[in-house]
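Below is one structure, written out as structure tokens; the observations come after it.
The values are calculated or read from the model by the stated rules, or taken from the named source; none is laboratory data. Not measured: the values here are computed from a predicted model. Counting neighbours? That spans all protein chains shown, and the Cβs are built from the backbone with ideal geometry, glycine included.
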Amino acid sequence: MRIVIPMAGYGTRLRPHTWSKPKPLVSVAGKTVLGHVLDGIATVPNVEEVVFIVGYLGQQVEAYVAQHYPHLKARYVEQAEMLGQSHAVWLAREYLAGPLLILYVDTLIETDYSFLKTEAAQAVAWVKPVPDPRRFGVAELRADRTVARLIEKPEDMANNLVVVGCYYFRDGAPLLRAIETQMASGQRLQGEYFLVDAINNLLDEGLRMRVEAVEVWQDCGKPDALLETNRYLLDTGRDNTAEAFKRQGVVVVPPVYVDPTAQVSESVIGPHVSIGAGCEVRRSLVRDSIIDDGSQILDTALAASIIGREARVIGRYRALNVGDSSEIDFA
């Protein structure tokens with residue numbers, strides 16, 4: 001099995017954080033988004049190689065994987081032009097013989113991949129039922145529950161099986177041929193070749209694809225979604241609240257994740273706070289926030305905030321004498 005992880009996009013929806021690092025290296029619940037994805041592939045059977053399709057600041061991805069996942073046999077392919085998902089897979093074509101798993105890192109899913117060892121279908125698309133699928137792509141099923149077509153942003157809510165950005169192919173060769181045909185014919189949207197179009201071409205040719213449902217699908221592509229994912233991960237066991245409780249002079253409102261190397265004193269943290277390695281938090285109130293490695297939070301209050309690496313946020317406390325029926329607004 002080979003795993004392909006396209007991640008060459010600029011991550012514009014997460015700026016300013018993605019000016020200085022690729023989107024998959026943004027932190028959530030004490031670990032990068034990419035780290036959570038790589039932890040999730042532990043159940044994939046017989047992984048021969050993980051192929052990362054990198055772009056802007058891709059050398060940071062390589063350094064991160066080498067440091068934190070040295071056991072992975074990793075390969076890096078650069079996508080210098082942002083021509084879409086199909087183009088990203090095509091660039092790695094010489095390495096993609098045999099079974100293939102394609103994962104996107106905009107979202108996090110929770111699934112057990114071990115069934116792929118005995119999977120009979122030619123292809124699998126992971127899906128999640130949602131109340132309103134109109135903002136997403138969905139899988140339209142036949143009566144036998146195989147996929148008839150993938151539809152981008154359906155106009156109605158009759159079909160709510162949203163495709164979550166994870167695909168398995170028993171053999172990558174037919175997909176690569178479909179991508180080659182797609183690119184030769186110029187089948188693209190807004191200048192990009194979308195993988196859905198290549199898959200639909202294969203379905204038209206008779207590809208037997210089934211769906212695999214997931215219960216957890218968390219978005220990491222926008223600031224508000226990243227904070228929501230941080231809350232979910234901390235609520236479901238990715239916290240280290242018990243260790244944080246041992247710190248003297250700190251009030252902890254669970255759940256939180258505090259890196260062991262972070263210095264936190266005279267502060268109230270939580271709920272849903274992630275504090276990275278080497279951070280310093282003093283005389284502050286922090287809730288519902290992500291603070292990345294090496295940052296300082298001093299004399300301030302934060303809520304619903306994302307603080308990047310090695311940033312400094314310094315506030316000040318005020319003494320007030322406020323009479324009846326008064327309003328104070330520091331905005």
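For the reader, a short list of remarks on this structure follows.
- Search result, residues across the range 116-155 that are touching a residue at least 60 places away in the same chain (Cβ under 8 Å) and in a helix (DSSP H, G or I): Leu116, Lys117
- Taking the criterion of being closer than 29 Å to Ala262 by Cβ and exposed (fewer than 15 other Cβ atoms within 10 Å of the Cβ), the residues of the range 14-63 that qualify are Arg15, Pro16, Trp19, Ser20, Asp39, Ala42, Gln59, Glu62, Ala63.
- Answer residue from the range 242-266, given it is of a type in the set (Val, Ile, Thr) and crowded, with 18+ Cβ neighbours inside 10 Å and is nearest to Val216 (Cα to Cα) among those: Val256
Let's see how each residue does on (1) β-branched (Val, Ile, Thr); (2) surrounded by fewer than 21 Cβ atoms within 10 Å (Cβ to Cβ); (3) touching a helix residue (DSSP H, G or I) at 6+ places or on another chain (Cβ under 7 Å); (4) more than 29 Å from Gly237 (Cα to Cα):
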| residue | (1), (2), (3), (4) |
| --- | --- |
| Leu100 | no, no, yes, yes |
| Ala121 | no, yes, no, yes |
| Trp126 | no, no, no, no |
| Ala158 | no, yes, no, yes |
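- Within the range 223-330, strands (runs of 3 or more DSSP E) holding 1 or more residues that are modelled with pLDDT of 90 or more and of a type in the set (Asp, Glu): 280-282, 285-291
- Filtered residue count, the range 197-221, keeping only those that are assigned to a helix (DSSP H, G or I), surrounded by fewer than 18 Cβ atoms within 10 Å (Cβ to Cβ) and not charged (D, E, K, R): 0
- Selected residue (only one of Ala139, Ala125, Ala173, Ala158 is over 22 Å from Leu100 (Cα atoms) and aliphatic (A, V, I, L, M)): Ala158
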